[in-house]
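Beneath this line is the structure, given in structure tokens, with notes to follow.
The values are calculated or read from the model by the stated rules, or taken from the named source; none is laboratory data. Quick caveat, the model's predicted, so the values are computed rather than measured. Ideal geometry is used to build each Cβ from the backbone, glycine not excepted, and the neighbour counts take in all protein chains shown. Keep in mind that these areas ignore ligands, DNA and RNA; they rest on the heavy atoms of the full protein, side chains included. Shrake-Rupley method; radii C 1.70, N 1.55, O 1.52, S 1.80 Å.
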Number of protein chains: 2
Amino acid sequence: MDKSTPAFEGPVCPIPLQHKSTIVIGHGSGGLLTHQLIDQVFKKHFRSDYLNAGNDFALPFLPVGNKNGKVVVSTDAHIVSPIFFPGGDIGRLAVSGTVNDVCMSGAKPLYITSSFILEEGFPIDNLEKIVISMQKTAEEAGVEIIAGDTKVVEKGKGDGIFISTTGIGWLADGLEIRGDLAEPGDAVIISGTLGDHGISVLSARGDLGLETELVSDVAPLSSLILELTSQIPQIHVLRDPTRGGLATTLNEIAEQSGVGIELYENKIPVIDTVRNVCNLLGFDPLYIANEGKVIIILPEKFKDQCLMLLKNHTYGKNAAWIGNVTSSHPGNLVLKTEYGTTRILEMLSGEPLPRIC
Amino acid sequence: MDKSTPAFEGPVCPIPLQHKSTIVIGHGSGGLLTHQLIDQVFKKHFRSDYLNAGNDFALPFLPVGNKNGKVVVSTDAHIVSPIFFPGGDIGRLAVSGTVNDVCMSGAKPLYITSSFILEEGFPIDNLEKIVISMQKTAEEAGVEIIAGDTKVVEKGKGDGIFISTTGIGWLADGLEIRGDLAEPGDAVIISGTLGDHGISVLSARGDLGLETELVSDVAPLSSLILELTSQIPQIHVLRDPTRGGLATTLNEIAEQSGVGIELYENKIPVIDTVRNVCNLLGFDPLYIANEGKVIIILPEKFKDQCLMLLKNHTYGKNAAWIGNVTSSHPGNLVLKTEYGTTRILEMLSGEPLPRIC
């Protein structure tokens, strides 16, 4: 977009935003204060010509000319508490979560839109930290933040900051990767240890009397996934085990594909600290949220190649083969325990850890 | 998308959702309760194969084959209070707001994604009313709701329901409509009366001791805009005067285009009730939000044709020519009053009406 006079520059916003200050209702007015916030926080860090154009819409370039592909879209709301936690923050979470959902189709994520619901009194310093973290994560993921919106609610009607993101990607022809494509005989692989995100957020709340060295796994998986799909286009299913954890996500896939899935308990990678905290508090790591992990389901003959590719990547070092797809017990997930017994793992039910995604 | 086994059907969700019940934390867990909510409220009313496919992403069809156009994207968060108001609700507002932003580029809106942040205790009956209203508005607008997400916050950390929407549209080659394209000599037209939405929401709050017959103008403008752009592709600028009202929006355009804009006070259509309430409370209708109105800026020679097209449409009956674009006082909006005097209308500053969009 060629713009000789970008909106909201120069004389429109002469008053410098006080960086020690907090969000007030006027920042959601659409008027001068909103424009100051956009200028001095959002546009300052989200470097996009689409945003600078100052329209209520963006016209992103998509590589659609040769017709050989499809647009992919995904959306998420993010409400994590606390908003800053070991290994990440709500901004990194928002961008990673949506980038990862787009990736799970096999698509290359290209663009992100973000809308913010801010509570009156929220420190603008914190907003800026979050915005910087979003831009950094977007750069790591290879996406551009192209459109946004900000609304402000009265004190007591929100919780600091909520961020909704929508991702847009491009899926080249030749890849067919979906939750309904798992086949009996397929191998089930996880890209790393389970439960790191959920337990580190829980521990960061401080109300459990627990202090751990744990760090969230929150990360954009685009480079990892693009490497996998370019080398092994035969992958059947990719999905990130976020809310509800591995067990809930595999239940969804078993249901969608009409197959059974068997997991081998002693193959599932879990960090000792996560296992200990879970034992102490009565949680099961298989139901805890992850934000930088992916489940890969693919024909057995590509299993070793897939594991090798994963282990060569920062975000796949602890990858492991954890199970198989079966034609027996369709729709169900079965755990083979270390003691040789089996039990059915249901979808998460009841009240889990709130506010972790 | 061909899907033989849609997710979340049949045995996954055997327990009927209690419709007299309220949102609990578990509805945001990603587990069984989330799936019940998706099944029995969202998928029941948002009729989309993309949603039924049960993936975390959608692959919408875009008419990109012939290369003759561009994808258009826009995003918005919606936080209106009260959530039900005369003439609409937060669901109609969310779909209309985003459809309208996509339309303002000249594009045909095609798809909407929606993410919900629900407060624990929110009545599921109300959620269903809102979801039905969204679907109805989407059908009126000619768009499909293709992806969604739901999160739940603890009681006291939200305000019933917030909805973020992202719209995706297709802009055919040949149209160039943007905020930086207003030219001296252009006519400025408004599609109807100003302030109806803001004042009716304010009145619905009941804390002003005012009761009015006013009804919000909230509406998707896609059919109106598509009619206009197909008949008059020479339109320079389209923009909906939402937050900040007509005066703030025209200030943005004057700034983006580097032109002056003159408004004629006696030409600006305002319903008597809106004018009276504004006089009583010290508001200016030019700064009040509208949710079903569009500003059209176009070469003077198309003025009469544009007004005729508008007046023939339900949402343009009260359209009026209200001003002109000038080369003098670039970047400024000037009101010529009924008494022959002129004054500069600044962008909205300070604290306006909160929570109206």
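So B:TRP170 fits all but one of (1) in contact with a Gly (Cβ under 7 Å, 6 or more places away or on another chain); (2) modelled with pLDDT of 95 or more; (3) not in a loop (DSSP other than H, G, I, E, B); what number is the exception? Checking B:TRP170 against (1) in contact with a Gly (Cβ under 7 Å, 6 or more places away or on another chain); (2) modelled with pLDDT of 95 or more; (3) not in a loop (DSSP other than H, G, I, E, B), the one that fails is (2). If we keep just the residues of segment B:66-116 that are over 17 Å from B:PRO241 (Cα atoms) and of a type in the set (Gly, Ala, Ser), which is farthest from the chain's Cα centre (by Cα)? Ranking the qualifying residues of segment B:66-116, first place goes to B:GLY69.
Yes or no: B:LYS108 of a type outside the set (Asp, Glu) and more than 9 Å from chain A (Cβ to nearest Cβ)?
Details: of a type outside the set (Asp, Glu): yes; more than 9 Å from chain A (Cβ to nearest Cβ): yes.
For B:LYS108, the condition - of a type outside the set (Asp, Glu) and more than 9 Å from chain A (Cβ to nearest Cβ) - is met.
Residue pairs whose Cβ atoms lie under 7 Å apart, sitting 6 or more positions apart in sequence or on different chains, and linking a residue in segment B:244-255 that is closer than 15 Å to B:ILE190 by Cβ and hydroxyl-bearing (Ser, Thr, Tyr) to a partner that is open to solvent by 10 Å² or more (accessible area, probe 1.4 Å) and assigned to a helix (DSSP H, G or I), are B:THR248/B:TYR287. At pLDDT 95 or above, within 14 Å of another protein chain (Cβ to nearest Cβ) and in contact with a Leu (Cβ under 8 Å, 6 or more places away or on another chain) - does that describe any residue in segment B:303-316? There is no residue in segment B:303-316 that is at pLDDT 95 or above, within 14 Å of another protein chain (Cβ to nearest Cβ) and in contact with a Leu (Cβ under 8 Å, 6 or more places away or on another chain).
Identify, please: which residue in segment A:58-105 is of a type in the set (Gly, Ala, Ser), open to solvent by less than 10 Å² (accessible area, probe 1.4 Å) and at the interface with another protein chain (Cβ under 7 Å from one of its Cβ atoms) and is, among those, nearest to B:ILE161 (Cα to Cα)? Please lay out each step first, then the result.
Our first condition is that a residue be of a type in the set (Gly, Ala, Ser); within segment A:58-105, this holds for A:58, A:65, A:69, A:74, A:77, A:81, A:87-88, A:91, A:94, A:96-97, A:105.
If we keep only those that are open to solvent by less than 10 Å² (accessible area, probe 1.4 Å) as well, we get A:58, A:74, A:77, A:91, A:94, A:96-97, A:105.
From what is left, the residues that are at the interface with another protein chain (Cβ under 7 Å from one of its Cβ atoms) are A:58, A:74, A:77, A:105.
Numbers: A:ALA58: 27, A:SER74: 20, A:ALA77: 12, A:SER105: 30 Å.
For segment A:58-105, the residue satisfying everything is A:ALA77.
Taking (1) over 16 Å from B:PRO269 (Cα atoms); (2) within 14 Å of chain A (Cβ to nearest Cβ) in turn, B:TYR339 satisfies each apart from (2). For beta carbons closer than 6 Å, sequence separation of 6+ or different chains, a first residue in segment B:87-114 that is over 13 Å from B:ALA77 (Cβ atoms) and a second that is basic (Lys, Arg), the qualifying pairs are B:MET104/B:ARG239. Residue count for segment A:180-230 satisfying the condition of being more than 20 Å from A:VAL72 (Cβ to Cβ) and either of a type in the set (Lys, Arg) or in a helix (DSSP H, G or I) (or both): 10.
What's the total number of residues in segment A:262-289 that are part of a helix (DSSP H, G or I) and among the aliphatic types (A, V, I, L, M)? Walk me through it before giving the result.
First, pick out the residues of segment A:262-289 that are part of a helix (DSSP H, G or I): A:265-267, A:272-281, A:285-287.
Next, from what is left, pick out any that are among the aliphatic types (A, V, I, L, M): A:274, A:277, A:280-281, A:286.
Number of matching residues: 5.
Could you please find all residues in segment A:157-166 being facing chain B (nearest Cβ under 7 Å) and not in a strand (DSSP E or B)? Listed by number, the residues that qualify are A:LYS157, A:GLY158, A:ASP159.
Would you please name the residue that is nearest to A:LEU62 (Cα to Cα), looking only at residues in segment B:175-214 that are of a type in the set (Gly, Ala, Ser) and free of Cβ contacts under 8 Å to residues at least 60 places away in the same chain? Only one residue fits best here, namely B:GLY206.
Every residue, every condition in (1) modelled with pLDDT of 95 or more; (2) touching a strand residue (DSSP E or B) at 6+ places or on another chain (Cβ under 8 Å); (3) away from every other protein chain (no Cβ under 14 Å), yes or no:
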| site | (1), (2), (3) |
| --- | --- |
| B:THR212 | no, no, yes |
| B:ASP217 | yes, no, yes |
| B:LEU221 | yes, no, no |
| B:LEU226 | yes, yes, yes |
| B:ILE232 | yes, yes, yes |
| B:VAL237 | yes, yes, no |
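When A:VAL71 is tested against (1) more than 16 Å from A:ALA147 (Cβ to Cβ); (2) in a strand (DSSP E or B), exactly one condition is not met: (1). What are the residues in segment A:317-336 that are of a type in the set (Phe, Trp, Tyr) and within 14 Å of chain B (Cβ to nearest Cβ), if any? The answer is none; no residue qualifies.
Residue check: B:ARG205 meets all listed conditions (1) open to solvent by less than 40 Å² (accessible area, probe 1.4 Å); (2) of a type in the set (Lys, Arg); (3) under 16 Å from B:LEU353 (Cβ atoms) but one, namely (1). What about A:ILE322, is it part of a strand (DSSP E or B), touching a strand residue (DSSP E or B) at 6+ places or on another chain (Cβ under 8 Å) and closer than 29 Å to A:ASP76 by Cα? Judged against the criteria, A:ILE322 is a match.
Please verify whether segment A:236-246 includes one or more residues that are in contact with a Gly (Cβ under 9 Å, 6 or more places away or on another chain) and small (Gly, Ala, Ser). Within segment A:236-246, one or more residues are in contact with a Gly (Cβ under 9 Å, 6 or more places away or on another chain) and small (Gly, Ala, Ser). Being within 14 Å of chain A (Cβ to nearest Cβ), surrounded by fewer than 23 Cβ atoms within 10 Å (Cβ to Cβ) and of a type in the set (Val, Ile, Thr): is that true of B:ILE344 here? Answer is yes for this residue.
Looking across segment A:111-141, the residues that are within 21 Å of A:LYS157 (Cα to Cα) and either part of a helix (DSSP H, G or I) or open to solvent by less than 10 Å² (accessible area, probe 1.4 Å) (or both) come down to A:SER114, A:SER115, A:PHE116, A:ILE117, A:LEU118, A:ILE124, A:ASP125, A:ASN126, A:LEU127, A:ILE130. If you check B:GLY331, B:GLY260, B:GLY245 for being buried (at least 17 other Cβ atoms within 10 Å of the Cβ) and within 18 Å of the chain's Cα centre (by Cα), only one passes: B:GLY245. No other residue among A:HIS45, A:HIS35 is open to solvent by less than 40 Å² (accessible area, probe 1.4 Å) and away from every other protein chain (no Cβ under 12 Å) apart from A:HIS45.
Rundown of residues vs (1) aliphatic (A, V, I, L, M); (2) within 23 Å of A:HIS78 (Cα to Cα); (3) open to solvent by less than 20 Å² (accessible area, probe 1.4 Å); (4) at pLDDT below 95, yes/no style:
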site	(1), (2), (3), (4)
A:ASP240	no, yes, yes, no
A:THR249	no, yes, yes, no
A:ASN266	no, no, no, no
A:ASP272	no, no, no, no
A:CYS278	no, no, yes, yes
A:LEU281	yes, no, no, yes
A:GLY292	no, yes, yes, no
A:LYS301	no, no, no, no
